[in-house]
Amino acid sequence: MASLHTSATMYFTNCSSSSSSSSTTARLLHFTATKSPNNVSHFHRPSIPLQIHISNPNFPNTIITRSSSSTTEVNSVTSAKVIDGKRVAKDIREEVAVEISRMKNEIGIVPGLAVILVGDRKDSATYVRNKKKACDTVGINSYEVRLAEDSTEEEVLDHISKFNDDPSVHGILVQLPLPSHMNEQNVLNAVCIEKDVDGFHPLNIGRLAMRGREPLFVPCTPKGCIELLHRYGIPIKGKRAVVIGRSNIVGMPAALLLQREDATVSIVHSRTKNPEEITRQADIIISAVGQPNMVRGSWVKPGAVLIDVGINPVEDPESPRGYRLVGDICYEEASEVASAITPVPGGVGPMTIAMLLSNTLLSAKRIHDFR
Ligand code: NAP
């Protein structure tokens with residue numbers, strides 16, 4: 001790996017925006033680092049070779065093995081491996097692109113994803129734009145419908161019905177949240193389950209929850225969390241896992257997925273008493289709460305694997321935007337205790353869109369019986 005320079009780097013770390021009561025002191029830490037051309041710091045940790053064996057049954061033609069012995073990207077504090085969602089997501093996008101081009105060449109079909117956006121929330125518009133961009137990069141056709149905030153539920157249902165019947169569309173996604181005058185349940189129920197690439201249809205969630213049943217699609221964010229564990233070779237079977245958060249879109253399906261992988265799963269939510277006592281028993285923690293730095297180092301069992309879904313903006317006067325994004329897990333503290341951890345940003349976030357692309361490909365393959 002090319003090194004631009006070597007320098008003693010200082011990191012000023014804190015978890016001061018945590019809602020937790022335990023105290024943390026800001027610390028100044030010294031490291032020797034090299035910087036790669038894209039200005040990413042790589043810390044020399046020859047003792048922790050990082051090996052990723054990438055083999056995915058959805059992509060039988062692609063097996064990638066990566067290893068790095070002398071320069072391993074590790075977190076900026078101590079021992080935890082960084083689970084690099086950005087890199088894994090890039091690999092998945094490349095695999096999806098290869099399969100899409102094979103499908104196009106062999107049967108002349110190009111997968112299509114339809115997105116319905118209602119209202120003018122800036123964050124939703126950004127997510128939709130990013131999804132469209134990602135579709136373009138892998139060769140998925142994207143179709144977009146934008147409706148005004150005061151549109152009726154019937155209009156949304158009408159568009160869903162047209163996409164349900166459109167053979168060039170293999171995946172339908174309704175960007176959430178919907179305006180408050182609409183019934184989210186009615187809308188999500190209207191997407192036919194064969195095109196429910198978000199995996200939010202109650203039939204898909206129900207099948208996920210039942211033994212011996214297979215959902216047609218698994219929700220993208222929790223699927224991305226499990227994919228990261230798989231691709232980093234982290235065993236799940238027989239492990240104790242704790243999911244923090246129980247939302248329909250992340251926490252609950254993440255817990256179901258871990259259970260399907262034979263983990264023993266506990267769920268922590270806003271009414272849980274002494275959550276840290278429960279998380280301290282976990283070999284794997286998936287946190288999807290939306291509280292900056294809530295999970296402190298003292299909540300983590302030594303050697304645990306930490307998947308941080310939370311994306312929380314916190315004030316940062318030094319950032320040009322005036323804020324920066326942090327996770328639910330206090331990275332600086334927890335990475336001193338954990339064996340592996342996802343950063344925020346660059347962990348679970350990029351995996352969500354990669355899984356959406358993968359689900360859209362899966363749908364097109366299934367509809368056209370292409371293997
Ligand atoms: P959500 O619907 O608000 O659910 C939050 C969950 O956290 C709820 O189950 C809630 O418990 C629980 N919770 C809240 N405060 C808690 C506390 N103090 N202790 C323990 N549990 C607590 O949020 P979400 O949609 O699941 O999203 C969670 C986070 O993930 C957010 O930061 C969001 O931005 C992020 N996210 C990231 C991605 C990605 O692609 N990386 C995708 C989706 C979401 P109750 O059920 O008891 O209320």
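The values are calculated or read from the model by the stated rules, or taken from the named source; none is laboratory data. Predicted model only: the values in this text are computed from it and were never measured. Note that each Cβ is placed from the backbone with ideal geometry, even for glycine, and that neighbours are counted across all protein chains shown. Heads up: the accessible areas ignore ligands, DNA and RNA and are worked out on the full protein's heavy atoms, side chains in. Shrake-Rupley method; radii C 1.70, N 1.55, O 1.52, S 1.80 Å.
Structure summary
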| read-out | value |
| --- | --- |
| The stretch 105-118, residues that are crowded, with 18+ Cβ neighbours inside 10 Å and farther than 14 Å from Leu361 by Cβ | Ala114, Val115, Ile116, Leu117, Val118 |
| Residue in the stretch 214-229 that is within 16 Å of the ligand (Cβ to nearest atom) and on the phi > 0 side of the Ramachandran plot present | no |
| Unmet criterion (only one of (1) surrounded by fewer than 24 Cβ atoms within 10 Å (Cβ to Cβ); (2) without any contact (Cβ under 8 Å) to a residue 60 or more places away in the chain; (3) over 30 Å from Val191 (Cα atoms)) for Val314 | (2) |
| Residue match in the stretch 228-237 (condition: assigned to a strand (DSSP E or B) and farther than 27 Å from Ile172 by Cβ) | no |
| Among (1) surrounded by 14 or more Cβ atoms within 10 Å (Cβ to Cβ); (2) modelled with pLDDT of 95 or more, the one test that Asp136 misses | (1) |
| Checklist (1) basic (Lys, Arg); (2) within 26 Å of the chain's Cα centre (by Cα); (3) surrounded by fewer than 17 Cβ atoms within 10 Å (Cβ to Cβ) applied to Arg102, failing item | (2) |
| Subset of the stretch 246-270 [within 11 Å of the ligand (Cβ to nearest atom), open to solvent by 10 Å² or more (accessible area, probe 1.4 Å) and closer than 21 Å to Asn204 by Cβ] | Arg246, Ser247, Asn248, Ile249, Val250, Met252, Ile267 |
| Qualifying positions in the stretch 271-288 - at positive phi and crowded, with 24+ Cβ neighbours inside 10 Å | none |
| Test for Asn293: is it surrounded by fewer than 24 Cβ atoms within 10 Å (Cβ to Cβ) and either more than 30 Å from Ile109 (Cβ to Cβ) or in contact with a His (Cβ under 7 Å, 6 or more places away or on another chain) (or both) | no |
| Qualifying residue in the stretch 306-328 (condition: within 15 Å of Pro222 (Cα to Cα), touching a strand residue (DSSP E or B) at 6+ places or on another chain (Cβ under 6 Å) and away from the ligand (no atom under 16 Å from the Cβ)) | no |
| Tabulated pairs, the stretch 210-238, first of a type in the set (S, T, N, Q), second surrounded by fewer than 22 Cβ atoms within 10 Å (Cβ to Cβ), C-beta under 7 angstrom, 6+ apart or interchain | Thr221/Ile249 |
| Test: Leu188 is buried (at least 19 other Cβ atoms within 10 Å of the Cβ) and within 19 Å of Gly245 (Cα to Cα) | no |
| Single unsatisfied condition, Gly199 versus (1) open to solvent by 30 Å² or more (accessible area, probe 1.4 Å); (2) in contact with a helix residue (DSSP H, G or I) (Cβ under 8 Å, 6 or more places away or on another chain); (3) of a type outside the set (Lys, Arg) | (1) |
| Meets criteria (in contact with a helix residue (DSSP H, G or I) (Cβ under 7 Å, 6 or more places away or on another chain), at pLDDT 95 or above and of a type in the set (Lys, Arg)) for Lys162 | no |
| Selected residue (only one of Ala338, Ala354, Ala334 is under 17 Å from the mean Cα position of the chain (by Cα), surrounded by 22 or more Cβ atoms within 10 Å (Cβ to Cβ) and either within 11 Å of the ligand (Cβ to nearest atom) or of a type outside the set (Val, Ile, Thr) (or both)) | Ala354 |
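One line per residue, one yes/no per condition, for (1) buried (at least 18 other Cβ atoms within 10 Å of the Cβ); (2) under 26 Å from Met355 (Cβ atoms):
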site	(1), (2)
Arg146	no, yes
Glu154	no, no
Ile160	yes, yes
Asn164	no, yes
Pro167	no, yes
His170	yes, yes
Leu173	yes, yes
Ser180	no, no
